[in-house]
């Protein structure tokens, strides 16, 4: 099995956040970067957080 993970940097510019229809996203929501370490996540997220500092 092989997995590809991509981390994006983005900014909210408007519109309404919604769950993905018939996709792989369980729930779409905005969270503060400072809250991310306490959420369930893969190790790639830790690498992305280090780059943000």
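The values are calculated or read from the model by the stated rules, or taken from the named source; none is laboratory data. Note that the structure is a prediction, hence the values are computed from the model and not measured. Counting neighbours? That spans all protein chains shown, and the Cβs are built from the backbone with ideal geometry, glycine included.
Among residues belonging to the range 11-37 that are part of a loop (DSSP other than H, G, I, E, B) and in contact (Cβ under 8 Å) with a residue 12 or more places away in the chain, point out the one that is farthest from residue 52 (Cα to Cα).
Taking the range 11-37 first, the residues part of a loop (DSSP other than H, G, I, E, B) are 11-32.
Next cut, in contact (Cβ under 8 Å) with a residue 12 or more places away in the chain only: 12, 17, 29-30.
Details: 12: 17, 17: 23, 29: 20, 30: 17 Å.
Among those residues, the one meeting the criterion is 17.
Looking only at residues of the range 6-38 that are surrounded by 10 or more Cβ atoms within 10 Å (Cβ to Cβ) and in contact with a helix residue (DSSP H, G or I) (Cβ under 9 Å, 6 or more places away or on another chain), we find that the one that is modelled with the lowest pLDDT is 7.
The set of residues in the range 5-31 that are over 14 Å from the mean Cα position of the chain (by Cα) and closer than 26 Å to residue 47 by Cα comprises 13, 23.
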